[in-house]
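Worksheet: the structure to be examined is printed underneath.
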Amino acid sequence: MSQIIKVAVAGASGRMGREVVRMVLEDPELKLVAAVARSAGPVDAGSLAGKPTTGVIVQPDLEDALRSSQADVLVDFTAPRFAMPNTETAIRYGVRPVMGTTGFTPEQIVDLDKQCKERGIGGLIAPNFSIGAILMMKFSAMAAKYFPHVEIIEYHGDQKLDAPSGTSIKTAEWISEARQELRQGNPNEEEVIEGARGGYYNGFRIHSVRLPGVFAQQEVVFGAFGQTLKIRHDSYDRAGYMPGVNTAIKKVMSTTGMVYGFEHFLD
């Protein structure tokens, strides 16, 4: 068996965090060594995830947890305002960050890549860990070569903090690499209600839907004369992201520098 990878989880009391804790505890190649949640209280991480007690007590402070646990990898599903400071804290302690939290600017990613390389470690910022979502993005970039008129509609629950989603931004980046900027619609178009046409990106629009009862879906709609093409991905359960998170934990151990996008870890 390969060397056991020691994993710390930030946001361990959240819905995604609990799934990560459960996945780590069920994989014999991984070992949970720290769990962090700001308001969960001193509870056993296993109990939070519906598993037997582990002896790993949830801590409120990430720096204390990393200092005492000697973790190899930090998996972070917290909130956008914590994304950058948590990543820098992990790098400072030589812990490889696997960030499911979105909200990084391109400039921050470049800076984090430099920090990782200076420490000789790898990291990953992944807007989406779903293999189906990666394929949706890949197919959309392929289609954009032939259908340059496009809009993105992404759907999430009403408690999601950032809009548009990291997945839709990543999709837009891929599409923009495959097509020239094209300002769509009538040049004299006027928004009667501000924002009705969505967010502008490289000539096309991204629309963010936020409603209770919605989990995570995205549709990329292409239009041409006499036809449309729709590429859609639907996520129904957080467990669907866990194979990707598991792969990321293992592959980041042999990576140097900050990688942006889980697709780079797929064979």
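The numbers here are math on the coordinates, done by the rules we state, and not lab data. It should be emphasised that the depicted structure is a prediction, and the values quoted were computed from it without experimental measurement. Reconstructed Cβ throughout: ideal geometry from the backbone, glycine too, with neighbour counts over all protein chains shown.
Neighbour counts of other C-beta atoms within 10 Å: give me 204, 225 arranged from fewest to most.
Sorted ascending by nearby Cβ count, the order is 225, 204.
Short version: ³J(HN,Hα) in whole Hz for each residue of segment 226-238, in order, from phi by Karplus 6.51 cos²θ - 1.76 cosθ + 1.60 (θ = phi - 60°), x for Gly and Pro, what are they?
Residue by residue, segment 226-238 yields x, 7, 10, 10, 10, 10, 10, 10, 10, 9, 10, 8, 5 Hz.
For residue 4, what residues show an amide H to amide H distance below 5 Å, using hydrogens built from the backbone and excluding near sequence neighbours?
For residue 4, whose amide H was placed from the backbone, there are no distant partners under 5 Å.
For the chain, compute the number of Lys pairs whose alpha carbons are separated by less than 22 Å, excluding pairs fewer than 8 positions apart on the same chain.
21
Name the residues whose placed amide hydrogens come within less than 5 Å of the amide hydrogen of residue 209, ignoring near sequence neighbours (fewer than 5 apart) on the same chain.
Excluding prolines and chain starts, which carry no amide H, the hits are 154, 155, 156.
Quick one: grab Rg to one decimal and Dmax as a whole number for segment 131-235, Cα atoms only, in Å.
Over segment 131-235's Cα set, Rg and Dmax evaluate to 13.6, 40 Å.
Please work out how much length the chain gains when fully extended from residue 234 to residue 190, using 0.36 nm per residue of separation minus the C-alpha to C-alpha distance, in nm with one decimal.
12.6 nm
Where Lys and Arg each count +1 and Asp and Glu each count -1, what net charge lies around residue 50 among other residues with Cβ under 14 Å from its Cβ?
Once all neighbours under 14 Å are counted, the net charge is +2.
Fully extended, how many nm does the chain gain between residue 197 and residue 160 (0.36 nm per residue separation, minus their Cα-Cα distance)?
11.3 nm
Using only Cα atoms, locate the centre of segment 1-77 and the centre of segment 127-177, then give the distance between them in Å, rounded to an integer.
Computed from Cα coordinates, the inter-centre distance equals 30 Å.
So between residue 105 and residue 225, what do we pick up on full extension, going 0.36 nm a residue minus the alpha carbon distance? Show your work: numbers first, answer last.
On the way: separation 120, 0.36 × 120 = 43.20 nm, distance 3.62 nm.
Extending this stretch completely gives an extra 39.6 nm.
In the set (i) 24; (ii) 35; (iii) 51, which value of percent of Cα pairs over 29 Å apart was calculated from the structure you see?
Read-out from the structure maps to (ii).
Suppose we keep just the DSSP beta bridges with both residues in the chain; what percent of those would be antiparallel, to 5?
That works out to approximately 45 percent antiparallel.
Counting other Cβ atoms within 10 Å of each Cβ, which trypsin sites (Lys or Arg not before Pro) in segment 185-267 have at most 14 and sit in a DSSP loop?
none
Per the helix-only calculation at 222 nm, which mean residue ellipticity applies to the chain, given -39500 (n - 2.57) for every DSSP H run of n ≥ 4 and division by its residues, nearest 500 deg cm²/dmol?
-10000 deg cm²/dmol
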